[in-house]
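Written below as structure tokens is the structure these notes are about.
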């Protein structure tokens, strides 16, 4: 039987979590709990997200360490967005932070001020059974007056914000530098007759470039996180340039990997060859800022989706590249922005790129000097999860002919 309940807890409460897990499973309720249910070699964040998606109920062990943990906030947020039933088993009676309060504002909790006693465990088992059955959950407390007051205040605040936005919109015909829209509609595409590849329209917007919030794996050259404005929309290759498309540009090119599959991403090309290909087909290499903006597609996280669903990497690639466009696209409709092959971008590599370099436009500094190095993004088929983070940067010599680096082109106009 698959797991029915995800147990969310701080590492400081490991003993309590294991006792709760044991009580639930003794009652016949299958649980998912880390690290027990994470297989060796599995990407930890991906495993957590997939587990929350698969269960029906999240039991939150609400203590002071849990309330202060950004990882708990993320887990509860995923459960909230997935419309899972949440049961906060509240051991600490102290107020929770407002961001966590937001996700729990409409959820009653099971108070256990005396801790994880046999009586409280029995109440939790009964509450969990009721939640799984879709019944009203017994033993839960109603929102306190302070919580009701908070909800009313939040509603009034949202109403004031909405009124302010409407007022600003009425006074200004357009609003610039807004975040990219998240949409499930079909992307606007165009086929380039020069190479037969599809391009997707990327709207203008503003995003936070660099190390993602709660990402503990960031290197110095991914910092500081800072705001970048993409003032003009552009077109981006929907997939990495394929072997078949590249051979139209260079018929003598010998591809890496199965040469008969023209749908594989081209790789092992130099930065200059990638730039020349884009120019020949009427485009250019995307700048590093454009690449990250397009890859994030509005997501502030280290990955724009569950890695196993969006990327070919060490865990699922079987040590080989794969045909483009076989994984899920991001919100802009772009495929394989993470994994499969690294992708060249236009910029010269600077370790302090985020501090003082131009992000877009004709003044972006390119690796034209003899000692200059270039940048590749996105990771490749043998990268681990850390190497696929959307802010991760690879400094690379411009030749790069023996490296699994490919590219996709950008255009200002179709």
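Odds and ends about this structure:
- Residue-span extension gain [residue 119 to residue 382] - 0.36 nm each, minus C-alpha spacing: 89.6 nm
- Förster radius 25 Å - calculated FRET efficiency between residue 280 and residue 227, Cβ distance, rounded to 0.05: 0.15
- Take every DSSP beta bridge whose two residues both sit in the stretch 189-411; close to 90 percent of them are antiparallel.
- Relative contact order (%) - the stretch 189-411, alpha-carbon pairs under 8 angstrom, separation at least six: 27
- For a label point 7 Å along the Cα-to-beta-carbon line of residue 351, residues of the stretch 203-237 with backbone N under 13 Å: 219-223
- Folded to 0 to 90 degrees: helix 70-81 orientation relative to the chain principal axis, Cα: 90
- Helix 14-26 vs. the chain, principal-axis angle (Cα, 0 to 90°, nearest 10): 70
- In the chain, helices alone account for a calculated mean residue ellipticity at 222 nm of -9000 deg cm²/dmol, with every DSSP H run of four or more residues adding -39,500 (n - 2.57).
- A Förster radius of 35 Å combined with the Cβ-Cβ distance from residue 12 to residue 328 puts the calculated FRET efficiency at roughly 0.45.
- Placing pseudo-labels 7 Å out from each Cα toward the beta carbon at residue 126 and residue 105 gives an inter-label distance of 3.1 nm.
- Chain lengthening between residue 254 and residue 309 when straightened (0.36 nm per residue, less Cα-Cα): 16.8 nm
- Full extension of the chain segment joining residue 36 with residue 50 gains 3.6 nm, where the gain is 0.36 nm per residue of separation less the Cα-Cα distance.
- The chain, relative contact order in percent, only Cα pairs under 8 angstrom and at least six apart counted: 14
- DSSP beta bridges in the chain [antiparallel fraction, %, rounded to 5]: 60
- Relative contact order (%) - criterion: Cα under 8 Å, at least six apart; region: the stretch 277-372: 30
- Annotation: the antiparallel percentage among DSSP beta bridges lying fully within the stretch 281-414 is about 80.
- Two-site FRET efficiency, residue 94 against residue 206, from Cβ-Cβ distance with R₀ of 35 Å, rounded to 0.05: 0.45
The numbers here are math on the coordinates, done by the rules we state, and not lab data. Just so it is clear, the model here is predicted, and its values are computed rather than measured. Because the Cβ atoms are built from the backbone with ideal geometry, glycine has one as well, and the counts that use them run over all protein chains shown.
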